[in-house]
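Working notes, beginning with the structure itself.
Nothing in this text is a laboratory measurement; each read-out follows from the coordinates by a stated rule. Only a predicted model underlies this, so the values are computations on that prediction, with no experimental measurement involved. Virtual Cβ from ideal backbone geometry, glycine too; neighbours counted across all protein chains shown.
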Amino acid sequence: MSKFWSPFVKDLVPYVPGEQPKLTKLVKLNTNENPYGPSPKALAAMQAELGDTLRLYPDPNSDLLKQAVARYYGVQGNQVFLGNGSDEVLAHIFHGLLQHDLPLLFPDISYSFYPVYCGLYGIHFDAVPLDEQFQIDPADYARPNGGIIFPNPNAPTGCLLALEAVEQILKANPASVVVVDEAYIDFGGETAISLVDRYPNLLVTQTLSKSRSLAGLRVGLAVGHADLIEALERVKNSFNSYPLDRLANVGGAAAFDDREYFAKTCRLVIDSREALVGQLKAKGFEVLPSAANFIFARHPQHDAAALAAKLREQGVIVRHFKQQRIDQFLRISIGTPEQNQALVEGVGEL
Ligand SMILES: Cc1ncc(COP(=O)(O)O)c(C=O)c1O
């Protein structure tokens, strides 16, 4: 009953995640999960952890996983922050690093959780329009701000900003924290983590939900200067000492160590993406250039909502956003070649 609520709760506009249908037969191309399973080594590590030790709390610092991430990226352990999915990492970033007098900047079309965090923490923001080609123009971010955040590749467009352009934004904003949300970077981009030692204002976030196929485990991370990480640790340790459980700690570390499986499955997704783009273009779709594990496509003669409904009737679910500028697009996650074929068949003759 709302009379019991803290006053700010009635004004919250929560994020709405993509549907997780109960029907298992559906071809699920709506939430950018990985169609291939997690690394068998990660699964084995988690199975080995299942036992009496679950009585005990996990390591509050997740040192095993921090070290695996630090090894992988060639950084120090105190440059790595971990959380229960990158959504939690992002929440702590908004709370601990992006709450300032000047407005936070992010693209008008980007991850729809950003304005939700702004609502939760009372952060002012300006949504900066993408250009006509749905690209980020670094020049638009050279103005006073209280911080900058953007996904790279962007979501839901899939478009990649080159590393030089990311650096241009960093150079123009030495007094602001610049957060690069690299949830999808492994499917065709180059991580900005190589820049963290030169830019103390850079924070890069990543997730194990996409390229490491562990969306169900909930592990996300941030890499940046130790001072930025310390702010996040303070917020985390004022909120939940143990956001990563024992399975997440060992499974996440094993997933990072299994480079071979990671490289193989990323390649499969990238190859399927290119094949699917070709098939959809042959049917008259316009597809934005994607460096992610999803594509953003529209058909000039067919309404996107109607297409999504038609696909659903055929047992294929994709994501449609009722949002200005993009309401004629569908965001389609890359599945296995068989799932992608079901999508192409579901679209039918146009
Ligand atoms: C751009 C972007 N950032 C972050 C996330 C959050 O991922 P997770 O909380 O699973 O790590 C997503 C999930 O879809 C995303 O699209």
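Ranked by the mean number of other Cβ atoms within 10 Å of their residues, highest first, the peptides 223-234, 6-17, 202-213 fall in the order 202-213, 223-234, 6-17. Other residues with beta-carbon under 10 Å from the beta-carbon of K41 carry, at +1 per Lys or Arg and -1 per Asp or Glu, a net charge of -3. Between the listed residues A175, F134, A165, the Cα displaced farthest toward the positive end of the dipole of region 128-188, a dipole computed from Cβ unit charges relative to the Cα centre, is found at A175. Dipole magnitude for region 294-334: about 120 debye, using +1 per Lys or Arg Cβ and -1 per Asp or Glu Cβ, origin at the Cα centre.
Helices that extend 24 Å or more along their long axis by alpha-carbon positions and average at least -1.0 on the Kyte-Doolittle scale are, among the DSSP H runs of the chain, 259-282.
Largest mean-square fluctuation among A42, A127, A192, in a Gaussian network model of the chain whose springs join Cα atoms under 10 Å apart, belongs to A127.
When both bridge partners sit in the chain, DSSP labels roughly 55% of those beta bridges antiparallel. Rg ratio for the chain: its Cα radius of gyration over 2.2 N^0.38 Å, N being its residue count, equals 0.99.
When Rg is the radius of gyration of the Cα atoms in region 205-350 and Rh is its Kirkwood radius, what does Rg/Rh come to? Radius of gyration relative to Kirkwood radius: 1.07. P(r) tail, region 195-257: Cα-Cα pairs separated by more than 19 Å, 43% of all pairs. For the residue pairs K10/K66; K210/K236; K10/K236, the C-alpha atoms sit more than 31 angstrom apart in K10/K66. Residues Y141, Y57, Y184, Y36, ranked from the fewest to the most other C-beta atoms within 10 Å, line up as Y57, Y36, Y141, Y184.
Could you tell me the relative contact order of region 97-207? Use alpha-carbon pairs under 8 Å, at least six residues apart, and round to a whole percent.
Relative contact order here is 25 percent.
Applying 0.36 nm per residue to the separation of D59 and S6 and subtracting their alpha-carbon distance, the gain on full extension is 15.8 nm.
Based on alpha carbons, the Rg and Dmax found for region 74-144 are 14.0, 41 Å. Ignoring aspartates and glutamates fewer than eight residues from K28 along the same chain, the ones with Cα atoms less than 18 angstrom from its Cα are E19, E313, E338, E345.
Of the residues L228, P103, L50, the one whose Cα sits farthest towards the positive end of the charge dipole of the chain is L50 (charges of +1 on Lys and Arg Cβ, -1 on Asp and Glu Cβ, taken about the Cα centre).
The fewest-to-most ranking of V75, V166, V27 by surrounding Cβ atoms within 10 Å reads V75, V27, V166. Measuring nothing but how far apart in sequence close Cα pairs (under 8 Å, 6+ apart) lie, relative to its length, the chain scores a relative contact order of 24 percent. Charging the Cβ of each Asp and Glu at -1 and of each Lys and Arg at +1, and nothing else, the dipole of the chain about its Cα centre rounds to 800 debye. Relative to one another, the C-alpha centroids of region 1-68 and region 160-176 are positioned 31 Å apart. Annotation for S194 and K310: the two label points, set 7 Å from Cα along the Cα-Cβ direction, are 4.3 nm apart. In this label model, R143 and A263 are separated by 4.5 nm, measuring between points 7 Å along each Cα→Cβ vector. Computed log10 I(q)/I(0) for region 1-61 at 0.14, 0.18, 0.29 Å⁻¹: -0.88, -0.92, -1.21, from the Debye equation with unit scatterers placed on every C-alpha and solvent omitted. Three principal axis extents of region 141-238 based on alpha-carbon atoms, in descending order, are 38, 36, 22 Å.
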